[in-house]
Amino acid sequence: MNEQALTGVINGLAAFILLTAFVMVSHNRMNQLVRTFAIQSIALGAFAFAVAYYTGSDHIYVIAVLTIVLKGIVIPQFLKYTIDKIHVRKEVEPLVGIPLSLLLCAGLVMVAYYVAEPIIAGADAVTRNTLAISVAVVLIGFFLMITRRKAMSEIIALLVIENGIFLGAISITYGMPLIVEIGIFFDVLVAVLIMGLFAFRINQTFETLDTTFMRRLKD
Amino acid sequence: MIIIEAILLIPLAVAVACFFLPHRRTLEASALLGTGALFIIALMLGIDVLNNGPVQYSYWYVDELSAFMLFIITFVALMVVIYSVSYIGHDYEEREIDLRQFRSYYLMVQLFLLTMLLVVVCNNLGIMWVAIEGTTLASAFLVGFYEKDTSVEAAWKYLVICSLGIALALFGIVLTYASSIEVLGASSSALEWTTLRSIAPELDPTYLRLAFILIMVGYGTKVGLAPMHTWLPDAHSEAPSPISALLSAVLLNCAFYGILRFFIITELCVPGFATTLMLIFGLLSMALAAAFIIAAKDYKRLLAYSSIEHMGIISLGFGLGGYIGIFGALVQMFSHAMTKCLLFFGAGNILQKYNTKSMDEVRGVISVMPVTGALLLLGALAITGSPPFSIFIGEVAILQAGLSNEEYLVSGLYLALLVVIFAAFMYHISRMVFGKTTEGVTKGDAGPISLIPMLLLLGIILVIGVFLPEPFTDMVEQVAGIFPGGRT
């Protein structure tokens with residue numbers, strides 16, 4: 001594959017990841033959210049593969065495989081299992097309506113391009129668009145976190161933010177040292193497991209997964 | 001040299017042992033033995049580092065700053081484990097918790113300890129991030145330990161807010177790595193602190209500035225700096241009291257340690273940038289804490305807001321900089337850890353006696369529990385910066401740094417906030433300690449096992465405050481020497 005086609009693939013995948021973030025904002029059912037997250041993670045893995053091929057560095061291949069296996073398969077399966085196990089209503093129930101959410105997220109993408117502008121001015125072709133996209137995905141993740149007040153959707157929002165940061169890490173620096181990456185994967189996995197356990201507990205104590213009920217602690 | 005591995009293996013071994021041990025007493029004994037041994041080994045390593053310079057091999061790096069932190073962590077941990085014998089033992093006797101919870105408490109404390117120790121001994125900033133995230137994960141169970149609705153809420157808030165903060169810090173680390181890539185290439189040593197420090201002036205300043213902002217906000221969330229502090233009062237008030245002490249005295253300092261490593265590198269590359277941020281966050285935290293301390297209703301939350309205040313003071317000290325500012329900040333870090341530990345133990349004794357966290361329902365502690373009451377009062381005087389306790393020395397040093405830098409506005413605000421906090425804090429505590437005893441509370445102090453660590457902690461801050469012993473000042477001076485502008 002020639003270089004131009006390859007950068008085309010890389011940019012295309014990055015754009016696809018941004019698209020999945022938008023799709024997640026538009027979902028109103030919990031298992032749709034998990035499924036789209038899985039697709040996003042697999043796209044991120046494919047992106048890592050393309051960058052690994054482009055740069056020829058071996059350790060990015062490892063990251064790509066880990067991303068697909070853990071974030072694309074294991075974590076979504078676990079989330080799906082948790083959602084099935086907790087028999088609650090499976091709607092997302094956003095605080096901000098979906099059309100307005102989409103509009104606001106479009107604004108966030110513009111903010112991301114504006115923020116990333118000074119950094120990418122001197123960068124090379126591959127990373128130029130992807131850094132802005134990664135910032136956009138992180139911001140959309142934050143938006144999901146703020147406007148979707150259920151324990152499960154908060155976990156997914158956190159994972160979307162993590163995906164955005166990974167995209168940034170791969171595009172600016174072609175990945176971090178392998179030992180660090182593996183540590184991060186381990187943490188993400190444990191974090192999801194623990195949060196899943198707490199989601200069970202929240203469900204037991206409050207009989208809902210809606211975290212807006214948790215307003216007892218204040219001054 | 002395998003001493004650093006030993007420091008990490010001991011808590012791990014104790015955690016594994018806790019999993020299998022069948023009785024209350026054996027669990028307590030193994031935790032005490034393990035933590036005691038840990039403290040001794042950390043002390044030996046610390047003395048070695050102070051005499052012979054930093055130790056560095058494979059993934060580890062222990063310099064004077066790490067040794068300082070190791071001392072605080074292991075000492076406070078030992079105090080907490082001793083106190084837990086009384087506090088958690090009491091809960092167990094009252095059947096508030098069963099043996100499964102009792103065991104998991106000791107197990108999680110050791111894992112929590114392990115992650116915090118890992119934070120201060122690793123050289124690679126990426127691994128440090130992994131460890132700091134690990135501290136959140138390990139302590140979340142301890143925050144939600146009582147499995148009540150409020151503690152589940154506090155634990156969930158803690159998990160989500162701190163994970164978000166830490167995610168931002170990860171972005172900061174990615175950018176730090178990016179700032180070094182032109183100098184070092186994509187080598188795996190590029191995130192090692194020692195490497196980064198040696199090439200700090202050549203790093204890309206655009207990336208590094210952005211990175212430091214993200215680190216400050218990200219790790220600052222865990223430090224409890226305003227306005228990212230919202231998890232802190234909830235977690236501190238809902239956790240069992242020994243855990244509140246561990247969170248406030250050690251975890252906050254550990255997260256601050258994370259900021260300091262980046263602070264040093266950023267200051268070497270772009271002088272003046274990181275210090276300004278530290279000043280702003282410091283003053284903001286103090287101001288916010290002052291407001292909430294005045295309005296406090298729950299005494300554990302009062303102590304939590306006081307922790308936010310002290311993290312603000314420490315941040316201010318590093319922000320003002322110079323030898324005297326850094327000296328003050330380090331003394332403050334140490335003294336706050338000791339004093340806050342003492343206060344949370346006192347709060348724990350009161351909670352178990354009065355069964356309420358509301359300050360309005362606690363009166364006459366001094367006549368119900370004379371020793372606890374007296375210690376609480378002295379601890380309150382110490383934490384608000386009265387002489388002759390060691391926090392006074394730290395606070396005066398920071399004030400002096402402000403005046404000698406001709407930062408009169410900052411110094412004025414700092415002083416005013418300290419006075420307000422002193423008045424409000426002492427008002428609340430003295431109402432609790434004196435006054436007509438709450439009805440229905442039987443007299444009788446907590447057992448000696450809970451009072452001994454409190455007396456020991458009070459002794460330390462008193463000795464340092466009165467005599468300022470030379471080994472202590474030597475240690476602080478050596479630690480300050482690591483910071484740019486921190487040499488005398």
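Observations on the model:
- Angle between chain B longest axis and helix B:205-223 axis [Cα atoms, degrees, rounded to 10]: 10 degrees
- Qualifying chymotrypsin sites (Phe, Trp or Tyr not before Pro) for segment B:44-89 [loop in DSSP, other Cβ within 10 Å: at most 15]: B:Y59
- Once all protein chains are placed together, A:D58 keeps about 110 Å² accessible to a 1.4 angstrom probe.
- Comparing Cα centroids, segment B:154-208 and segment B:377-421 end up 33 angstrom apart.
- Of the whole protein surface, B:L378 contributes about 70 Å² of accessible area at a 1.4 Å probe radius.
- Dipole magnitude for segment B:401-478: computed about the Cα centre from +1 point charges on Lys and Arg Cβ and -1 point charges on Asp and Glu Cβ, it is near 580 debye.
- Share of alpha-carbon pairs per 10 Å distance bin for the protein assembly as shown, given as whole %: 3, 15, 25, 26, 19, 9, 2, 0, 0
- Largest accessible area first, the listed residues B:H23, A:H59, B:H428 line up as B:H23, A:H59, B:H428 when surface is computed with a 1.4 Å probe on the assembled protein chains.
- The average projected area of segment B:138-285, computed from the convex hull of its Cα atoms over all directions, is 8.7 nm².
- On Cα atoms only, tilt of B:149-184 relative to the major axis of chain B in degrees: 10 degrees
- Here is what passes the span test in chain A: the DSSP H helices with alpha carbon length of 30 Å or more along the helix axis and a Kyte-Doolittle mean of 0.0 or above are A:3-26, A:30-55, A:98-120, A:125-147, A:151-173, A:178-206.
- Sites listed here are trypsin sites (Lys or Arg not before Pro) in segment B:380-466 whose DSSP assignment is loop and whose Cβ has at most 11 other Cβ atoms within 10 Å: B:K436, B:K443.
- A dipole drawn for segment B:191-346 from +1 and -1 charges on Cβ atoms has a positive end, and of B:A329, B:Y299, B:V250 the residue lying farthest that way is B:Y299.
- Charging the Cβ of each Asp and Glu at -1 and of each Lys and Arg at +1, and nothing else, the dipole of chain B about its Cα centre rounds to 860 debye.
- Charge dipole of segment B:286-488 (Cα centre as origin; +1 on each Lys and Arg Cβ, -1 on each Asp and Glu Cβ, all else neutral): 680 debye, rounded to the nearest 20.
- Computed [θ] at 222 nm, deg cm²/dmol, chain B (DSSP H ≥ 4; -39,500 (n - 2.57); rounded to nearest 500): -26500 deg cm²/dmol
- Relative intensity, log₁₀ I(q)/I(0), of chain A from a Debye sum that treats every alpha carbon as a point, q = 0.08, 0.11, 0.12, 0.18 Å⁻¹: -0.29, -0.54, -0.64, -1.28
- Rg/Rh for segment B:1-134 (Cα atoms only, Rh after Kirkwood) is 1.02.
- Largest first, the extents of the alpha carbon coordinates of segment B:286-488 on the three principal axes equal 57, 34, 20 Å.
- Candidate lysines - alpha carbon under 29 Å from B:K297, same-chain residues fewer than 8 apart omitted: A:K218, B:K148, B:K157, B:K222, B:K340, B:K353, B:K357, B:K436, B:K443
- Neighbour cut-off at most 15 other Cβ (10 Å), DSSP loop, GluC sites (Glu not before Pro), segment B:379-421: B:E406
- P(r) for chain B, from all Cα pairs and a bin width of 10 Å, is 4, 21, 32, 27, 12, 3, 0, 0 %, short bins first.
- Degrees separating the helix B:408-433 axis from the principal Cα axis of chain B, which is the longest one: 20 degrees
The values are calculated or read from the model by the stated rules, or taken from the named source; none is laboratory data. Bear in mind the structure is a predicted one, so any value in this text is a computation, not a measurement. Here Cβ is always computed from backbone atoms with ideal geometry, including for glycine, and neighbour counts include all displayed protein chains. These accessible areas exclude ligands, DNA and RNA; they are computed on the full protein's heavy atoms, side chains included. Shrake-Rupley method; radii C 1.70, N 1.55, O 1.52, S 1.80 Å.
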